Amino acid sequence: MNIQKNVSLKAFNTLNLDVLASNYVQIHSQQDVVDALAYAQAENLNVLILSGGSNMLLPKTIQALVMHMNIQGIELLSENETSQTLKVGAGQIWHDFVLWTTTQKLYGLQNLALIPGLVGAAPVQNIGAYGVEAGEFIESVEVYDRQQQQFKLIATEDCHFSYRHSIFKDDPNRYVIVAVIFKLLKQADLKINYGDLKTAMQDDLSAENLQNQVIRIRQSKLPDPKEFPNVGSFFKNPIIDQAKLLKLSMEFPNIPHYPQANEQVKIAAGWLIDQTGWKGKRLQQVGMFEKQALVLVNYADATLDDVQATYHAVQHDVYNKFNVLLEPEPVLFNTFGLIQPHLGK
Ligand code: EPU
């Protein structure tokens with residue numbers, strides 16, 4: 001294990017924020033996890049788990065031990081007539097894993113192609129796109145439980161997956177995810193009812209084409225982080241009750257909304273932001289993307305303060321117009337490596 005001092009995290013967060021970490025270590029194995037945690041305890045440092053860096057907001061300096069997850073490997077655990085169960089290292093690149101499953105004729109994850117980040121982060125916010133959530137195909141998650149000081153498997157029903165949520169969000173300092181166990185299907189059961197996916201598929205109803213169409217649609221509206229540093233959707237789609245929707249619809253009859261369980265409805269944050277005039281608008285070097293108002297972009301050397309100035313302004317304008325508070329999707333860290341609540345509107 002090689003602990004490094006004063007390491008820049010600029011290349012390791014997709015928003016490209018200039019961040020200096022006092023202590024940094026690459027994690028390649030379960031033993032590295034144990035050793036790194038012991039080091040942090042001995043040095044009295046908090047631990048910040050860094051995965052693909054595509055869903056985090058980091059301050060200029062971090063006084064903590066940054067554990068950069070790089071555990072590799074895909075292992076076949078079991079197989080039957082209809083499915084294969086695979087254990088996948090937390091450090092595998094998500095998109096590459098999805099492409100690989102398709103070449104192996106294993107189905108389920110094709111709708112989730114091109115989502116940035118690593119496999120180990122997928123269960124944390126239960127990544128989702130085009131009508132599928134990762135949790136539907138996760139059988140269990142292998143973690144190091146810092147409270148019980150042991151490795152263990154958490155079964156999918158105990159992960160409490162819901163929209164962009166899981167137990168890993170409720171209890172962010174307890175678990176280090178080392179692998180994810182997926183159960184994938186040998187026969188495709190295509191989910192193509194989301195948005196314009198069905199039309200895009202035309203006559204080719206194969207999982208390969210589904211994956212290609214998802215990639216094409218994403219590339220047409222979402223900025224490439226290499227060109228326009230971003231963290232994907234910056235805000236969650238708000239979930240409101242029917243009474244509030246009714247009230248909003250009287251003034252804004254076109255508001256896009258999708259029914260949820262328990263009489264709730266999800267409304268489109270991108271649309272709300274667009275309506276306030278923020279699509280393609282910037283405050284200094286941070287703005288909302290011109291083709292998708294839900295994505296915040298760092299156009300040049302922004303710091304966390306710049307990012308916050310812009311998203312607070314967006315929250316403020318959306319709140320004033322619609323009386324809806326947008327909740328940021330990425331996780332905000334303080335200078336001691338701890339997760340912070342987002343403030344403001
Ligand atoms: N809209 C606008 N203006 C905009 C953007 C969107 O009017 O600038 C409208 C659209 O016309 C549409 C609605 O808002 O009626 C929803 O837009 P879209 O389908 O583009 O985005 P979304 O459904 O809100 C979610 C996820 C994405 C995921 C897509 C596809 C969230 C917060 N975002 O976006 O996830 O790829 O669905 O399933 O749930 C991510 O989390 O990083 C992410 C990209």
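None of the figures in this text is laboratory data; all of them are computed from the coordinates on show. Remember, predicted model here, so these are calculated numbers, not experimental data. Cβ coordinates were reconstructed from backbone atoms using ideal geometry, including for glycine residues, and neighbour counts include every protein chain displayed.
What translational diffusion coefficient, in µm²/s and rounded to a whole number, does the Stokes-Einstein relation yield for the stretch 1-142 at 37 °C and a viscosity of 0.692 mPa s, taking the hydrodynamic radius as the Kirkwood radius over Cα pairs? Rounded, D is 201 µm²/s. Projecting the Cα atoms of ASN193, TYR175, SER162 onto the charge dipole of the stretch 109-199, computed from C-beta unit charges around the Cα centre, puts ASN193 farthest toward the positive end.
Residues in the stretch 314-320 carry Karplus couplings, in order, of 5, 4, 4, 5, 5, 5, 4 Hz; the curve used is 6.51 cos²θ - 1.76 cosθ + 1.60 with θ = phi - 60°, and Gly or Pro positions show x. The alpha carbon centroids of the stretch 120-188 and the stretch 56-119 are separated by 11 Å.
Could you work out the per residue convex hull volume over the alpha carbons of the stretch 205-345, in cubic angstrom?
Details: hull volume 21.7 nm³, N = 141.
Taking only Cα atoms, the stretch 205-345 has a hull volume of 154 Å³ per residue.
Under 19 Å Cα-Cα from LYS221, which aspartates and glutamates qualify once same-chain neighbours fewer than 8 residues away are excluded? LYS221 reaches ASP196, ASP274, GLU290, GLU329. Within the shell defined by Cβ-Cβ distances under 15 Å, the residues around LYS87 carry a net charge of -2, with Lys and Arg each +1 and Asp and Glu each -1.
With only alpha-carbon atoms in the gyration tensor, what are the semi-axes of the equivalent ellipsoid for the stretch 4-69, in Å, largest first? All intermediate terms of the calculation are to be shown ahead of the outcome.
Values: eigenvalues 78, 35, 15 Å².
Value: 20, 13, 9 Å, ordered largest first.
Shape descriptor for the stretch 152-268: Rg over Rh equals 1.01 (Cα atoms; Rh from the Kirkwood inverse mean 1/r).
Per DSSP H run of at least 4 residues, take -39500 (n - 2.57); add these up for the chain, divide by its residues and hand me the 222 nm value, nearest 500 deg cm²/dmol.
Working: 9 runs with 87 residues, N = 345.
That calculation yields -7500 deg cm²/dmol at 222 nm.
Partners of LYS152 within straight-line reach, counting lysines whose Cα lies under 16 Å from its Cα and excluding those fewer than 8 residues away in the same chain: LYS87. Extending 7 Å from the Cα toward the beta-carbon at both LYS10 and ASP204 defines two label points whose distance is 4.1 nm. Between ASN173 and LEU325, the contour length at 0.36 nm per residue exceeds the Cα-Cα span by 52.1 nm.
Translational diffusion of the stretch 158-199, estimated by Stokes-Einstein from the Kirkwood radius over alpha carbon pairs at 25 °C in a medium of 0.890 mPa s, is 179 µm² per second.
If you average over every viewing direction, what projected area does the convex hull of the Cα atoms of the stretch 74-190 give, in nm²?
Working: hull surface 27.2 nm².
Its Cα hull, projected and averaged over all orientations, spans 6.8 nm².
For the listed residue pairs LYS10/LYS236; LYS236/LYS281; LYS169/LYS281; LYS105/LYS169; LYS236/LYS291, the alpha carbons are over 21 angstrom apart in LYS10/LYS236; LYS169/LYS281; LYS105/LYS169.
With θ taken as phi - 60° and the Karplus curve 6.51 cos²θ - 1.76 cosθ + 1.60 applied, the whole-hertz 3J(HN,Hα) list for the stretch 266-275 is 9, 10, 7, 4, x, 5, 4, 5, 4, 5 Hz, x standing for glycine and proline. Every pair of different Cα atoms in the chain enters the Kirkwood calculation, which places the hydrodynamic radius at 21.1 Å.
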